[in-house]
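Worksheet for the structure shown next.
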Amino acid sequence: MHDEATGEEPFDDDGFDVELLQEELRQAAAILDPVPPQLRQLAVEAFALHDLDARIAELTFDSVVDAIPVRGATDVPRMLTFRAGEVTVDVEVTAQGLMGQVLPPQQARIEVLGGLQTATSVDADDMGRFTSDAPPGGPFALRLRTGGEVVVTEWLRA
């Protein structure tokens, strides 16, 4: 079709190969702006840890954000509270590790998920209390298995 006003042919995309252009752009991005290997590994591990049946526990309290700082206090533990429906998880994060409680009190298997490291598992007792001697060194989340239910917390930086 000829444009009478300009005397030019309009853009015709019938012969345009979109797939070829997308592949060329992928190749250029891989060369000019490659994904760092550590980020790729984190993405693979995060996908591997993805649990389709898990409920996400929302962070409802973080002492770094929500608490009033005490003047002169040093090396104060970080207090976190997560909630998913009726399940609440209180966690204290220190340089020595984690200590927490699942409420309502119940036995549970808690996995401390970390970025490039493997998950560390601990068991909560009948009162829902648990401890881990492995302090998280970077991004971490908790995965709780209570009976048939799986709850995963949001990811946080230690």
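The values are calculated or read from the model by the stated rules, or taken from the named source; none is laboratory data. Since this is a predicted model, take the numbers as computed values, not measurements. All Cβ positions, even for glycine, are placed from backbone atoms using ideal geometry, and neighbour counts span all protein chains on display.
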For the range 125-153, the count of residues that are closer than 15 Å to GLU92 by Cα and either among the acidic types (Asp, Glu) or not in a strand (DSSP E or B) (or both) equals 6
Note on the range 88-120: residues over 21 Å from ASP62 (Cβ atoms) and either in contact with a helix residue (DSSP H, G or I) (Cβ under 6 Å, 6 or more places away or on another chain) or at pLDDT 90 or above (or both) are PRO104, PRO105, GLN106, GLN107, ALA108, ARG109
Filtering the range 19-57 down to residues that are of a type in the set (Asp, Glu), at pLDDT 85 or above and surrounded by 10 or more Cβ atoms within 10 Å (Cβ to Cβ) yields GLU23, GLU24
Residue count, the range 124-135, condition within 12 Å of GLU111 (Cα to Cα) and buried (at least 17 other Cβ atoms within 10 Å of the Cβ), comes to 3
Quick count over the range 114-124, residues being touching a residue at least 24 places away in the same chain (Cβ under 8 Å) and either touching a Cys at 6+ places or on another chain (Cβ under 6 Å) or not in a strand (DSSP E or B) (or both), is 3
Here the residues within the range 88-98 that are touching a Pro at 6+ places or on another chain (Cβ under 8 Å) and touching a residue at least 60 places away in the same chain (Cβ under 8 Å) are VAL93
For the range 38-66, pairs from a residue that is over 23 Å from VAL91 (Cβ atoms) to a residue that is of a type outside the set (S, T, N, Q) and at pLDDT below 75, with Cβ under 8 Å and 6 or more apart or across chains, are GLN38/LEU116; GLN41/LEU116
Within the range 58-85, residues acidic (Asp, Glu) and at pLDDT 90 or above come out as GLU58, ASP62
